[in-house]
Amino acid sequence: MIRKMFTLEEMITPVVLKVVYYIGLAIVFILGIMMLGGGVTTPYRYGGGSMVLAGMLTLLAGPILLRVYVELVMVMFRILARLEDISGKLDGLTSVESGSPEKE
């Protein structure tokens, strides 16, 4: 595995992306809670209603938007994997048709 990583034969970004997703999820929840707490305890005359609303929106929409973003990036890596499979199959077909042994 380490040899594949250093020769760039295998991508590590999908694994790293999962870790980044969980870290991002924790950050979204922490920011949402901090915004809610800041809005509730604000000393301003009209209160922190907008900050409470922003905190609630962060807690509700933040994880969804983060998930959509990560899934879009993951789709790109899956497309790359499928294209590599197709390329390998096409290489096998062309070598069989020409009569030469298949590449490994």
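The values are calculated or read from the model by the stated rules, or taken from the named source; none is laboratory data. What you see is a predicted model, and the numbers here were worked out from it, not measured in a lab. Virtual Cβ from ideal backbone geometry, glycine too; neighbours counted across all protein chains shown.
Only one of G48, G55, G37 is of a type in the set (G, A, S), touching a helix residue (DSSP H, G or I) at 6+ places or on another chain (Cβ under 7 Å) and at pLDDT 85 or above; which?
None of the others qualify; the one that does is G55.
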Cβ pairs under 8 Å, 6+ apart, first in the stretch 20-45 and part of a helix (DSSP H, G or I) and of a type outside the set (D, E), second surrounded by fewer than 14 Cβ atoms within 10 Å (Cβ to Cβ) and modelled with pLDDT of 90 or more: Y21/R67; G39/L53
